[in-house]
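The values are calculated or read from the model by the stated rules, or taken from the named source; none is laboratory data. Being a predicted model, the structure only gives us computed values, none of them experimental. Counting neighbours? That spans all protein chains shown, and the Cβs are built from the backbone with ideal geometry, glycine included.
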Amino acid sequence: MNTKDQFNETTYAMPRIGDTAPDFEALTTKGPIRMSEFAEGKWTVMFSHPADFTPVCTTEMSGFATRKAEFEALNTELLGLSIDSIHAHLGWVQNVREHTGVYFDFPIIADLDMKVSKLYGMLQPNESETAAVRAVFFIDPEKKIRLIMYYPLNVGRNMDEILRALDALQVSDKYKVAMPLDWKRGDKAIVPPPKSLDELNARLDDDSLEKITWYLAKKNI
Ligand code: BEZ
């Protein structure tokens, strides 16, 4: 194990799915926030980018900005983060607005002391010791972490997939179903497998289900 691996295991937290989102206070481009009080009653999509004024990050942040209404339609607030100052964030927001007309109209955390990046496993020293990786945390209204994505510095994320995964989490919660490969709105969902012979027999009698085999059945939602 090299030094950075040891450092990573002992010093840097890696939040897990199902954990309560670690609480923190931070400065953002829209003022100070506290995670435990942020976006009350709503979902939060919190995402990090490696650095302001860099090309891939500009495309990603523009993607979040131009599709903000789709996140709002899913009762979701956006929250960005990088290890840059408020001053740098403001300069970048204004620069992108001047050149493309796209306005990053969501709070971006200035995590200069790397407090939040370390708390959320966004700082992965074998990738970069100074920049956050491209992370996305899906946090539900009860502040539970429900899905985590980590991308390296050199590959941008996919906005369709971020929105699809958010929608899938919410539909799964609402209808108590699971979502199959490539599920998207309008597709059938998977009903949980039977846990008793009574449930198995009920399933065999249920003509509304698409039954592939006894443990794999789908229904319209
Ligand atoms: C970029 O956003 O283009 C970028 C940022 C940090 C490292 C590599 C690429």
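Of everything in segment 6-47 that is at pLDDT 95 or above and assigned to a helix (DSSP H, G or I), the residue that is nearest to the chain's Cα centre (by Cα) is M35.
Annotation: F137 fulfils all but one of (1) surrounded by fewer than 17 Cβ atoms within 10 Å (Cβ to Cβ); (2) part of a strand (DSSP E or B); (3) out of contact with any Phe, Trp or Tyr (no Cβ under 6 Å at 6 or more places or on another chain); the unmet one is (1). Within segment 109-122, the set of residues being more than 19 Å from I145 (Cα to Cα) and either touching a residue at least 60 places away in the same chain (Cβ under 8 Å) or among the hydrophobic types (A, V, I, L, M, F, W, C) (or both) comprises A110, D111, L112, M114. Selection of segment 113-138 for residues being touching a Leu at 6+ places or on another chain (Cβ under 9 Å), farther than 16 Å from R157 by Cα and either among the hydrophobic types (A, V, I, L, M, F, W, C) or at pLDDT below 95 (or both) yields M114, V116, E129, T130, A131. In summary, F53 fulfils each of the numbered conditions (1) within 16 Å of the ligand (Cβ to nearest atom); (2) within 17 Å of the chain's Cα centre (by Cα); (3) exposed (fewer than 14 other Cβ atoms within 10 Å of the Cβ) with the single exception of condition (2). Among the candidates F64, F71, F24, the residue that is more than 16 Å from the ligand (Cβ to nearest atom) and surrounded by 19 or more Cβ atoms within 10 Å (Cβ to Cβ) is uniquely F71. Evaluating K144 against the criteria (1) surrounded by fewer than 17 Cβ atoms within 10 Å (Cβ to Cβ); (2) outside the structural domain of I83 (by TED's automatic domain parsing); (3) touching a strand residue (DSSP E or B) at 6+ places or on another chain (Cβ under 9 Å) leaves one unmet condition, (2). Would you confirm, using the coordinates I've provided, whether V93 is among the hydrophobic types (A, V, I, L, M, F, W, C), away from the ligand (no atom under 15 Å from the Cβ) and closer than 21 Å to I148 by Cα? Answer is no for this residue. Can you pull out every residue in segment 105-118 that is part of a loop (DSSP other than H, G, I, E, B) and under 17 Å from the mean Cα position of the chain (by Cα)? Answer for segment 105-118, where residues must be part of a loop (DSSP other than H, G, I, E, B) and under 17 Å from the mean Cα position of the chain (by Cα): F106, P107. Of all residues in segment 28-49, exactly one satisfies the criterion of being touching a helix residue (DSSP H, G or I) at 6+ places or on another chain (Cβ under 6 Å) and not β-branched (V, I, T), namely H49. Considering K174, K184, the condition of being closer than 30 Å to R134 by Cβ, touching a helix residue (DSSP H, G or I) at 6+ places or on another chain (Cβ under 9 Å) and not acidic (D, E) is satisfied by K184 alone.
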